[in-house]
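Here the structure comes first, spelled out in structure tokens, and everything after it is commentary.
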Amino acid sequence: ANALIEPATLKQWIDEGKVNNESAALDRVVIVTVGTAAQYGTQHIPGAQLLNSATELLMTRMEGVGSITTMVLDGPAIDSLIRRLCINSHTTIVFVASKNQNSLNATRAYFTFRYWGFPKERLKVLNGGENSWETAATANGWGASYAMTTAVPTVTPSTFSVKNLYVYNGSSTANFGLRSSIGEMLSLVDRINSGVQPVDATGVAILDVRGGNPAVYMGNAAVDDFAQYSLSGAGNTSTFKPTAELIARLNGFGVTSAKSMTYVYCASGLRAAAPFFVLDGILRWNITMYDGSWNQWSAYASTATTNKVATAWQTDVNPAGTTLSRTFGAITPADSVS
């Protein structure tokens, strides 16, 4: 049930012949390296396919009254991707960070597939990425067939669409709640400010995980650091902290399993993918990610020098009937790149 797996589990699936097994009716495994083409071309786990983090992970979409470059993939884009990777409803997908890269791209891919209706039981992230795979293979003497490779597997594209998930899983549309829009975040902050939305033990929480102790942040947010959910590894992809430590850290910000919802954001929607994965994939607590994040929130400020939005959309105002601003601190144009 845990979406975080260790190298030994992936090796078992390889040994069982599940990886890229197109004849498997109910239990196929697809390994997805989430990185650049150059990183994938240098080396990857045997049988892994590429999800190009530079061109296939994020996209520019219009939302609210402006476009933003870090949005979740739209329907045609996700369908194109899953068909190329030979994925269907019976596929378990293992997202892997490229060697010596952080896990953010892998967890952002996890978020994307969760949003589009894939059940968490079918989505996995390899703890420590390619670094942990290589370390385990060497330490346990797995042999040459498990060594990192440059060979690109040949697969037959599937004809599957995320639309099919609504047929197989009638509740999959609820996954759209795993992502929050700029309009929903404005409404949330306004409801909290006006006292309509509780923030008590069973209410909501907002986490800003940009890191670096920002002085300006979304109203009512607690400020955390995305990196604190992982154990640092010199030059290697970090591994996630033990569950007890993750729970203790979240509890320190008032985030518990009793919360009706926790909203997480960062600068661009990448760093926030780490705590999203922790809450959704490991702890199974209520979580939604605002992927427009601070880049979008700050662009909607009254201080914008170009494309200033109407007052109703401004993120640093005191809406009618409230005494609190939607933002803690004063947004300047430079804040959008923090």
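The values are calculated or read from the model by the stated rules, or taken from the named source; none is laboratory data. Please read all numbers here as calculations on a predicted model, not as lab measurements. Positions of Cβ are generated from backbone atoms using ideal geometry, with glycine treated the same way; all protein chains shown enter the neighbour counts. Surface accessibility is based on the protein's heavy atoms, side chains included, excluding ligands, DNA and RNA. Shrake-Rupley method; radii C 1.70, N 1.55, O 1.52, S 1.80 Å.
For the residue pairs K99/K241; K18/K241; K11/K163; K18/K99; K11/K124; K18/K163, the alpha carbons lie more than 21 Å apart in K18/K241; K11/K163; K18/K99; K18/K163. Under a Gaussian network description of the chain, with springs only between Cα atoms under 10 Å, the residue in N286, N140, N88 that fluctuates furthest is N140. Magnitude of the charge dipole for region 1-66, about its Cα centre and with charges confined to Cβ atoms of Lys, Arg (+1) and Asp, Glu (-1), is about 100 debye. For the chain, complete DSSP H runs whose alpha carbons reach 15 Å or more along their own long axis and whose mean Kyte-Doolittle score is 0.0 or higher are 182-193.
Can you tell me the dipole magnitude for region 1-150 around its Cα centre, using point charges on the Cβ only (Lys, Arg +1; Asp, Glu -1), in Debye to the nearest 20?
Dipole size: approximately 140 debye.
Ignoring ligands, DNA and RNA, please state the percent of accessible area on the chain from carbon and sulfur, probe 1.4 Å. C and S atoms contribute 53 percent here. Each Lys and Arg contributes +1 and each Asp and Glu -1, all at the Cβ; summed about the Cα centre of region 170-298, the dipole is approximately 160 debye.
Out of V189, V19, V155, any idea which swings most in a Gaussian network model of the chain, alpha carbons joined below 10 Å? Judging by the Gaussian network model, the answer is V155.
At a probe radius of 1.4 angstrom, the accessible area of region 73-162 per residue rounds to 35 square angstrom.
Note on the chain: Cα-Cα pairs beyond 30 Å make up 36% of the total pair count. Once you've got the GNM for the chain with C-alpha springs shorter than 10 Å, pick whichever of N193, N102, N251 has the biggest mean-square fluctuation. Residue with maximal mean-square fluctuation among N193, N102, N251: N251.
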